[in-house]
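Undergrad: Can you keep this structure in mind? I'll have questions shortly.
The values are calculated or read from the model by the stated rules, or taken from the named source; none is laboratory data. Keep in mind the model is a prediction, meaning the values are calculated, not measured. Using ideal geometry, Cβ is built from the backbone for each residue, glycine included, and neighbour counts are taken over all protein chains shown. SASA here: full protein model, heavy atoms, side chains in, ligands and nucleic acids out. Shrake-Rupley method; radii C 1.70, N 1.55, O 1.52, S 1.80 Å.
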Amino acid sequence: MSVNLEQLSQLLGPQGMLLGEDVKARPNFAWGMGSCPARAIIRPNTTEALADAMAICHDAHQSMVPWGGLTGLVNGMTCTDTDVAISLERLTGIESFDADAGIMAVKAGTPLQTVQEAAREQGWLFPVDLGARGSATIGGMIATNAGGNSVIRYGMMRNQILGIEAVLPDGRIIDAMNEMLKNNTGFDLKQLLIGSEGTLGIVTKAVLKLQPAPCSSHTAMVVCDNFESVKRLLKNASTQLANSLTAFEAMWGSYYDLNVAETGRHQAVLPPHRAFYILLESSHSELTETNPLERFLEEQFDLDVISDAVIANSVQQADQLWAIRDDVEAKIIVHKPTIGYDISLPLRHMQAYTEQLERALTEFDPKINCVTFGHLGDGNIHLGIGPAPDKKAIDDIVYNLLTPFKGSVSAEHGIGLDKKAYLSLCRTDTEIQIMKSIKAAIDPRGLMNPGKVF
């Protein structure tokens with residue numbers, strides 16, 4: 001069965017549905033690739049309109065694929081020609097802002113950057129930050145439990161949500177727009193939807209918990225000559241900088257060299273061809289006469305933990321350091337085709353895993369190059385591997401090697417289509433059975449984002 005598109009069109013109005021070439025103009029895969037084959041894209045501008053449309057789809061056994069800002073990297077938004085895509089691009093805006101309590105209620109289609117700027121104007125901070133901040137939406141970030149650069153201090157998207165409103169597959173609305181930090185009244189239903197990748201329903205609104213905006217931030221990039229020093233630096237920073245440490249980003253030498261020495265896309269702020277480059281950021285609630293990060297790094301020099309460093313003296317210089325870390329496109333340009341991976345594993349296993357991975361890749365194909373970088377402070381690293389014409393073979397190498405180290409095939413990007421074949425490597429049979437049972441209870445017809453995750 002499939003839904004009557006004319007019925008949906010009458011419900012949603014002339015701006016509420018895209019058909020034909022307007023659908024094909026939208027991507028169907030990560031990185032903006034492909035052409036969407038869906039029957040239609042519906043674009044409701046109210047929760048009630050979405051609920052009515054989903055109830056119609058449910059009655060017609062019509063499959064539905066929720067869309068956020070289409071910045072995900074695991075093909076969680078991919079459609080078939082029998083699906084209807086649901087975009088919340090017209091469901092945008094900030095509904096309320098309690099500037100005294102630091103609580104903001106927003107519609108799910110609102111871009112991350114809009115939320116960040118509104119918070120900043122009132123002296124608050126929304127701490128989840130992504131390179132795709134201008135396009136990524138709050139609803140999509142909730143659905144994927146997005147992470148980003150400051151997880152080490154503030155946690156992932158799950159930690160920023162006080163309440164949500166959502167529409168279930170049959171059109172029922174969950175109104176759980178809680179604004180309280182403490183509400184211990186039975187099951188916390190919002191946690192089921194956070195990270196569910198649109199397989200249980202669609203989040204339409206959220207209550208966000210903000211943080212006080214820092215008065216000052218300090219950024220530096222340092223060199224460590226071996227991984228033991230990297231681990232020691234992280235421990236010292238976590239202890240001595242404590243709650244002021246907002247980022248601890250690691251770049252293996254291969255990544256820094258690619259972005260600086262090989263491509264020349266960035267100025268060499270530190271000499272190339274070193275083992276590890278670490279980007280540290282500390283944020284402080286009070287202005288101080290001296291730079292706490294500078295004092296900390298001086299101590300690390302004396303302890304032989306770091307061997308070189310550069311400290312940003314302005315916002316522009318800090319942006320320059322972050323630009324080196326954030327330039328993931330360099331690998332894609334130089335070594336086509338490149339596959340990106342998002343994994344996590346305990347810090348104590350990270351060196352052994354990366355060394356074994358590089359050996360395995362070389363044995364498979366000596367022409368393959370791997371660059372490694374990531375949010376080391378929370379155990380999340382990213383891999384850029386290419387040229388890699390055989391994706392399935394590389395996937396098997398990367399993911400199967402994680403098993404003895406108790407790692408995860410996805411740290412922050414989710415499962416989508418790309419990783420569902422490997423879910424059993426990091427989740428037990430019992431866990432997967434329970435997840436499937438929850439899916440069957442809420443979406444017994446399997447209409448929400450079919451084929452994803454499981």
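Undergrad: How many Å² of accessible area per residue for the stretch 113-174, probe 1.4 Å?
TA: Details: 2200 Å² over 62 residues.
Solvent-accessible surface per residue comes out at 36 Å².
Undergrad: Just to be sure I understand the model, the point goes 7 Å from the Cα along the line to the Cβ. What's the resulting residue 313 to residue 336 distance in nm?
TA: 4.1
Undergrad: Provide the gained length on full extension for the span residue 304 to residue 60, in nm with one decimal, where the gain is 0.36 nm per separating residue minus the Cα-Cα distance. The partial results should precede the final answer.
TA: Working: separation 244, 0.36 × 244 = 87.84 nm, distance 6.70 nm.
Stretched fully, the residue 304-residue 60 segment lengthens by 81.1 nm.
Undergrad: Which value, in debye to the nearest 20, describes the size of the charge dipole of the stretch 290-394 about its Cα centre when Lys and Arg Cβ atoms bear +1, Asp and Glu Cβ atoms bear -1, and nothing else is charged?
TA: On the way: 9 positive and 17 negative charges, 121 e Å.
Result for the stretch 290-394 is approximately 580 debye, rounded to the nearest 20.
Undergrad: With a 1.4 Å probe and every protein chain left in place, tell me how much accessible area residue 202 has, in Å² to the nearest 10.
TA: The value for residue 202 is about 10 Å².
Undergrad: Stick to the Cα atoms of the stretch 176-329, pair each with every other, and give me the Kirkwood hydrodynamic radius in Å at one decimal. All intermediate terms of the calculation are to be shown ahead of the outcome.
TA: Numbers: mean 1/r = 0.0553 Å⁻¹.
The Cα-based Kirkwood calculation yields 18.1 Å.
Undergrad: Now a separate question. So if I take the alpha carbon set of the stretch 340-425, get Rg, then get Rh from the Kirkwood formula, what is the Rg over Rh ratio? Spell out each step's value before the answer.
TA: On the way: Rg = 12.0 Å, Rh = 13.0 Å.
Rg/Rh: 0.92.
Undergrad: Still on this structure, I have one more. For residue 269, project a label point 7 Å along Cα to C-beta. Then give me every residue of the stretch 198-224 with its amide nitrogen under 19 Å of that point.
TA: 216-224
Undergrad: Do the sum for the chain: with -39,500 (n - 2.57) for every DSSP H run of n ≥ 4, divided by all residues, what is the mean residue ellipticity at 222 nm, to the nearest 500 deg cm²/dmol? Present the calculation step by step, with values, prior to reporting the outcome.
TA: Numbers: 15 runs with 140 residues, N = 454.
Calculated mean residue ellipticity at 222 nm is -9000 deg cm²/dmol.
Undergrad: Say the dipole of the chain comes from +1 at the beta carbon of Lys and Arg and -1 at that of Asp and Glu; which of 164, 288, 127 then lies farthest toward its positive end?
TA: 164
Undergrad: Further, regarding this structure: For the residue pair residue 365 and residue 187, what label-to-label distance in nm results when each label sits 7 Å from Cα along the Cα-to-beta-carbon direction?
TA: Going from the residue 365 label point to the residue 187 one covers 4.6 nm.
Undergrad: At a probe radius of 1.4 Å, what is the per-residue accessible area of residue 303, in Å² to the nearest 10?
TA: Estimated to the nearest 10 Å², residue 303 gives 80 Å².
Undergrad: Could you give the nm distance between label points at residue 351 and residue 392, where each point is 7 Å from its Cα heading toward the beta carbon?
TA: 3.7
Undergrad: Charges only on Cβ, +1 for Lys and Arg, -1 for Asp and Glu: so what's the dipole of the stretch 135-206 about the Cα centre, in debye to the nearest 20?
TA: Numbers: 6 positive and 6 negative charges, 47 e Å.
Roughly 220 debye, rounded to the nearest 20.
Undergrad: Given Cα pairs under 8 Å that are at least 6 residues apart, what percent is the relative contact order of the stretch 1-132? Walk me through the numbers before you get to the answer.
TA: Values: 213 pairs, mean separation 28.4, N = 132.
Relative contact order of the stretch 1-132: 21 percent.
Undergrad: Just need the relative contact order of the chain here, percent rounded to a whole number, with Cα pairs under 8 Å and 6+ apart.
TA: Details: 933 pairs, mean separation 69.2, N = 454.
The normalised contact order for the chain reaches 15 percent.
Undergrad: When ranked by the protection proxy of mean other Cβ atoms within 10 Å per residue, highest first, what sequence do the peptides 8-16, 215-223 form? Kindly include the intermediate steps, with their values, before the conclusion.
TA: Details: 8-16: 14.7, 215-223: 19.9.
Per-residue mean Cβ counts within 10 Å order the peptides as 215-223, 8-16.
Undergrad: Turning to a different aspect of this structure: Quickly rank 253-260, 354-361, 59-66 as a protection proxy: mean count of other C-beta atoms within 10 Å, highest first. Could you put the intermediate results ahead of the total?
TA: On the way: 253-260: 22.8, 354-361: 16.2, 59-66: 19.8.
The packing order, highest mean first, is 253-260, 59-66, 354-361.
Undergrad: With the other protein chains left in place, how much accessible area per residue, in square angstrom, belongs to the stretch 268-312 at a 1.4 angstrom probe? Intermediate values should be presented prior to the final figure.
TA: Values: 2330 Å² over 45 residues.
Each residue of the stretch 268-312 exposes 52 Å² on average to a 1.4 Å probe.
Undergrad: Give me the percent of accessible area attributable to carbon and sulfur for the chain, probe 1.4 angstrom.
TA: Working: 10030 of 19980 Å².
Exposed carbon and sulfur together represent 50 percent of the surface.
Undergrad: Which whole-number value in Å² is the accessible area per residue of the stretch 330-385, probe 1.4 Å? Mind showing how you got there, number by number?
TA: Values: 2310 Å² over 56 residues.
Each residue of the stretch 330-385 exposes 41 Å² on average to a 1.4 Å probe.
Undergrad: Which value, in Å³ per residue, describes the convex hull spanned by the Cα atoms of the chain? List each step's numbers first, then the result.
TA: Values: hull volume 68.1 nm³, N = 454.
Normalising the Cα hull of the chain by residue number yields 150 Å³.
Undergrad: If you stretched the chain out fully between residue 35 and residue 329, how much longer would it get, using 0.36 nm times the residue separation minus the C-alpha to C-alpha distance?
TA: Net length gain for the segment: 103.7 nm.
Undergrad: Okay, moving on. With r as the distance between the Cβ atoms of residue 178 and residue 294 and R0 = 41 Å, compute the FRET efficiency 1/(1 + (r/R0)^6) and round to 0.05.
TA: On the way: r = 42 Å, r/R0 = 1.02.
E(calc), rounded to 0.05, equals 0.45.
Undergrad: Would you rank 437, 282, 344 by solvent-accessible area, highest first, keeping every protein chain in place and using a 1.4 Å probe?
TA: Working: 437 75, 282 0, 344 25 Å².
Reading off the accessible areas and sorting them downward yields 437, 344, 282.
Undergrad: Which of the lysines could a cross-linker bridge to residue 367, judged by Cα under 27 Å and excluding same-chain residues fewer than eight apart?
TA: Straight-distance partners of residue 367: 331, 336, 391, 392, 419.
Undergrad: Rank by packing, highest mean first: peptides 148-156, 89-97, with packing defined as the count of other Cβ atoms within 10 Å averaged across residues.
TA: Details: 148-156: 21.2, 89-97: 15.6.
Ranking, from highest mean packing down: 148-156, 89-97.
Undergrad: Determine the dipole magnitude for the stretch 38-131: charges of +1 sit on the beta-carbon of Lys and Arg, -1 on that of Asp and Glu, nothing else is charged, the reference point is the Cα centre, and the result goes in debye to the nearest 20. Walk me through the intermediate numbers first.
TA: Values: 5 positive and 12 negative charges, 49 e Å.
Charge dipole, the stretch 38-131, about its Cα centre: 240 debye, nearest 20.
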